[in-house]
Amino acid sequence: MSALLTHRLNVLGLVGTALALFFAFGWQVAYHELPCPLCMLQRAGFVAAGLGFLLNLRFGEHLAHYAAAILGAGIGAAASLRQVLLHIVPGSGAYGSPFLGYHFYTWAFILQTALIAYCALLMLVQWRRGSAETAPPVRCGSAPWAGLAFVVAVALMLLAGFAECGIGPCPDDPVGYWLLGTGKMSD
Amino acid sequence: VIIILPFATALVACWCVWRGQRGAALAWWAVTAAVNVAWLFYHATSKLNLGL
């Protein structure tokens, strides 16, 4: 297994987290489905996981970077699981509309659990290569674009969150944007 | 609570990555993770109507 392969798999991981965030934002805008506080935490989990991949691409693969990605995805998965449990009892309703049969919090749990397994596999590949702790960074053309996409996605989350909640708390069941004067600020 | 705080600290971490400051980037990642955990406790520790 070459260092270039794991580098590309890190690019894939970073692009995947960015795409998940872009998709969630696109759905929010297209269907006017505002994220609840737990939904925001799930997005923040994707962001924390993506930072691990970004560190790997910029500074080379390192166990600490993989640990960052795994812990970030774990925190996001905990928020997702909480929301799944809130709605798991029949008749307890759901939040938002489903996509391909599952609600977004279920998708978030599946993807974040998959991210943890993905990082474990990448760590295994790194160990098999003989560089158990650290590996020098690899330069390729796609990494800066993947990094830029991720940063844009994080900035979008920040702006969307500010538009919805300002710098205060978000309501549990948001109905509009604070910035546009259509939201309520009670929790 | 300021729900957008983890996104702001993550952006600072991205800035540190871009500047080549690995230690600072990891520190800001840690702040991001800590805020996420704190917000998780705030929003997700009420009792569930489930027998777990």
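Here the stretch A:29-163 has an Rg and Dmax of 16.8, 53 Å, counting Cα atoms alone. Helix content alone sets the calculated 222 nm mean residue ellipticity of chain A: runs of n ≥ 4 DSSP H residues at -39500 (n - 2.57) each, divided across all residues, give -24000 deg cm²/dmol. Residues of the stretch B:16-46 that bury at least 40 Å² of accessible area when the other protein chains are present, relative to the chain alone (probe 1.4 Å, heavy atoms, ligands and nucleic acids excluded): B:17, B:22, B:26, B:29, B:36, B:40, B:43, B:44. With a Förster radius of 25 Å applied to the beta-carbon distance between residue B:48 and residue A:33, the computed FRET efficiency rounds to 0.60. Taking the inverse of the mean reciprocal distance over all distinct Cα pairs, the Kirkwood hydrodynamic radius of the protein assembly as shown comes to 18.1 Å.
The alpha carbon centroids of the stretch A:158-182 and the stretch A:11-68 are separated by 20 Å. Burial here means at least 50 square angstrom less accessible surface with every protein chain in place than with the chain by itself, probed at 1.4 Å; in the stretch A:48-62 the buried residues are A:51, A:55, A:58, A:59.
Note on chain B: Kirkwood hydrodynamic radius from all Cα pairs is 12.2 Å, rounded to one decimal.
What's the center-to-center distance, using Cα atoms, between the stretch A:77-134 and the stretch B:7-52 in Å? First find each Cα centre; the distance between them is then 17 Å. Only protein atoms count toward the accessible area here, which uses a 1.4 Å probe; on chain B, the carbon and sulfur part of that area reaches 67 percent.
Across all Cα atoms of the stretch A:51-101, the radius of gyration (one decimal) and Dmax (whole number) stand at 16.3, 49 Å. Annotation: per residue accessible area for the stretch A:1-71 equals 33 Å², rounded to a whole number [probe 1.4 Å, protein chains only].
Pairing chains A and B buries close to 3100 square angstrom of accessible surface in total, based on protein heavy atoms and a 1.4 angstrom probe. To put it simply, the accessible area of the stretch A:1-82 at a 1.4 Å probe is 76 percent carbon and sulfur. Okay, which of the stretch A:55-94 sit inside 17 Å, backbone N to the point 7 Å along the Cα-Cβ direction of residue A:114? Of the residues in the stretch A:55-94, A:70, A:73-74, A:76-78, A:80-81 have backbone N under 17 Å from the label point off residue A:114. Solvent-accessible area per residue in chain B equals 55 Å², computed with a 1.4 angstrom probe and all protein chains kept.
The values are calculated or read from the model by the stated rules, or taken from the named source; none is laboratory data. On a predicted model such as this, the values are computed, not experimentally measured, just so you know. Positions of Cβ are generated from backbone atoms using ideal geometry, with glycine treated the same way; all protein chains shown enter the neighbour counts. Remember, those area values only see protein heavy atoms, side chains included, never the ligands or the DNA or RNA. Shrake-Rupley method; radii C 1.70, N 1.55, O 1.52, S 1.80 Å.
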